[in-house]
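One structure is given below, encoded as structure tokens.
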Amino acid sequence: MNSMLLNIKDAADVIKEGGIVLFPTETVYGIGANALNDDAVKKIFIAKGRAQDNPLILHISDMEMLDQVAENISEMEYKLMDAFWPGPFTIILNKKPGVANIATCGGDTVGVRMPSNKIAHDLIKESRVPIAAPSANISGKPSGTKLEDIFDELKDRVDYIINGGETDIGIESTVVRVIGDEVKILRPGKITKEDIEQIISHVEIDKNVMGEISSTEKVLSPGMKYRHYAPKTHCKLVYSKDYEKMKKAILDLANDKDKKNVLILAYTEDLDNYNDYQCIDIGSKYNLDEVSHKIFSSLRMIDDYKADLAIIEGMPLDGLGLAIMNRLIRACEHDYEEIK
Ligand code: TXA
Ligand code: MG
């Protein structure tokens, strides 16, 4: 790491010279490079220890840049971009020849997003190239939503850092692909299924969003098949529509005599139920924006408690709940129990 200033021009120079920059977006921090420079993009994969078959999202600052990276865009795709850009929304499009093969892992599609965060926008504009950027974290760890969480693990792996404070949203963008007359959600995010249904009538959630993927399966979004967000501590996700049943199931698990040190990640309103245990407050169950804002920092705290088990309270799968549960089920490596 060479410097840490809020200087967009210097950061853009690093991008133009083929370096990599840690920068904020409205969702999570990203590690960015010139998307049109294979050697620069390669550095991102090395910095993160990222699998070679997991493509990167290309970030653009205006619609002219879109023409540099994608082609044969349909009316429906334009309608979606028009509704949700700039913002936490990524759309998989037909790739234009010439876009760095490394960024797209040699595929014929490209994920594109126009962020709304001003620093991200200005950095792309000043660099005058689309910026390929995955979430800022070592692969497998929770994405970074504030610099303190990721500074130590990434400071020596990037050429420049921009500190933008805590990110607004806290979970990564919604990723969609248009297939026929239907929009498929490959990764849920702040833009929900319900939001997209206001624009397009057929919206489907890919089965891999909550399902477990076998190692041989071909998937629409490669990122979904890797171990993700998981602390070293064994985590278990528990949910029931019936509040009393959820509380009882969690207390039964926590009371297990073999477990000496249990940690519970609970909503603010439920903390009193678990007075005998160490708890992390994940935010109010009536304010899922707060939960999504805090979730990755909460997951990063788990290992500090040296618990034998961390139990996490779940939530319904509608609205923003789907996006949060998609991250939590991965943090728990699919150890999820829904009590009917
Ligand atoms: O909010 C975000 O999207 C953040 C910020 C930095 O913009 N970025 C981010 O990138 O989360 P990353 O690399 O951590 O996740 C990108 C996801 C992965 O699941 C990847 O497989 C998928 O998008 N993806 C990217 N390009 C794709 C493509 N051409 N086809 C299918 N999935 C793609
Ligand atoms: Mg990521």
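Proximity of backbone amide H atoms, modeled 1.01 Å from N, is registered between Leu93 and Val110, Gly111, Val112 at under 5 Å, excluding neighbours fewer than 5 places apart on the same chain. Taking 18 Å as the straight-line reach from the Cα of Lys190, the aspartates and glutamates in range (excluding those fewer than 8 positions away in the same chain) are Glu26, Asp82, Glu166, Asp168, Glu172, Glu204, Asp206, Asp289, Glu290, Asp318. Here the gap between Met63 and Thr109, fully extended at 0.36 nm per residue and compared with their Cα-Cα distance, gives a gain of 14.8 nm.
For segment 113-222, which trypsin sites (Lys or Arg not before Pro) are in a loop by DSSP, counting at most 12 other Cβ atoms within 10 Å?
Numbers: sites: Arg113, Lys118, Lys125, Arg128, Lys146, Lys155, Arg157, Arg177, Lys184, Lys190, Lys193, Lys207, Lys218; in loops: Arg128, Lys146, Lys155, Arg157, Lys190, Lys218.
When the trypsin sites (Lys or Arg not before Pro) of segment 113-222 are filtered for loop state and at most 12 Cβ neighbours within 10 Å, Arg128, Lys218 remain.
Relative contact order of segment 235-338, taken over Cα pairs closer than 8 Å and 6 or more residues apart, is 41 percent.
Extension gain, Lys248-Thr268: 0.36 nm per intervening residue step, less the Cα-Cα distance, totals 5.5 nm. Amide H to amide H, with H built 1.01 Å from N, Gln278 comes under 5 Å of Val262, Ile264, counting only residues 5 or more places away or on other chains.
For segment 320-325, the Karplus equation 6.51 cos²θ - 1.76 cosθ + 1.60, evaluated at θ = phi - 60°, returns couplings of 5, x, 4, 5, 5, 5 Hz by residue, with Gly and Pro reported as x.
Keeping all protein chains in place, calculate the accessible area per residue for segment 141-274 (probe 1.4 angstrom), answer in Å². Intermediate values should be presented prior to the final figure.
Numbers: 6600 Å² over 134 residues.
With all protein chains present, segment 141-274 gives 49 Å² per residue.
Cα convex hull, segment 1-93: 121 Å³ per residue, rounded to a whole number.
Label sites at Asp156 and Ile199, each approximated as a point 7 angstrom past Cα along Cα to Cβ, lie 4.3 nm apart.
Just to check, using Stokes-Einstein with a Kirkwood Rh over alpha carbon pairs, what's the diffusion coefficient of segment 54-102 at 4 °C and 1.567 mPa s in µm²/s? Walk me through the numbers on the way to the answer.
Details: Rh = 11.6 Å.
The calculation lands on 112 µm²/s.
Both radii were evaluated on the Cα set of the chain; the Rg over Rh quotient, with Rh as the Kirkwood radius, amounts to 0.98.
Each Lys and Arg contributes +1 and each Asp and Glu -1, all at the Cβ; summed about the Cα centre of the chain, the dipole is approximately 740 debye. Normalised by the number of residues in segment 149-220, the mean separation of alpha-carbon contacts (under 8 Å, six or more apart) gives a relative contact order of 22 percent. Bridgeable lysines around Lys232 (alpha carbons under 24 Å apart, same-chain partners fewer than 8 residues away excluded): Lys48, Lys141, Lys146, Lys155, Lys257, Lys259, Lys260, Lys294, Lys306. Computed from label points 7 Å out along Cα-Cβ, the spacing between Gln52 and Glu217 is 2.5 nm. Restricting the calculation to alpha carbons of segment 1-158 gives Rg and Dmax of 14.5, 44 angstrom. Under a 5 Å amide H cut-off, with hydrogens placed 1.01 Å from N, Val183 pairs with His202, Val203, Glu204 among residues at least 5 apart or on other chains. Label-to-label distance for Glu338 and Asp276 is 3.0 nm, based on points extended 7 Å past Cα in the beta-carbon direction.
Per the 1.4 Å probe, what fraction of the accessible area of the chain, in percent, lies on carbon and sulfur atoms? Write out the running numbers ahead of the final one.
Working: 6950 of 14730 Å².
It is 47 percent, rounded to a whole number.
Applying D = kT/(6 pi eta Rh) to segment 235-338, where Rh is the Kirkwood radius over alpha-carbon pairs, T corresponds to 4 °C and eta to 1.567 mPa s, the Stokes-Einstein value obtained is 95 µm²/s.
Length gained on full extension, Asp289 to Arg128: 54.7 nm, using 0.36 nm per residue less the C-alpha separation.
The values are calculated or read from the model by the stated rules, or taken from the named source; none is laboratory data. A quick note: this is a predicted structure, and the numbers were derived from the prediction, not measured. As a convention, Cβ positions derive from the backbone with ideal geometry for all residues, glycine included, and neighbour counts pool all protein chains shown. Ligands, DNA and RNA are excluded from the accessible area calculation, which covers all protein heavy atoms including side chains. Shrake-Rupley method; radii C 1.70, N 1.55, O 1.52, S 1.80 Å.
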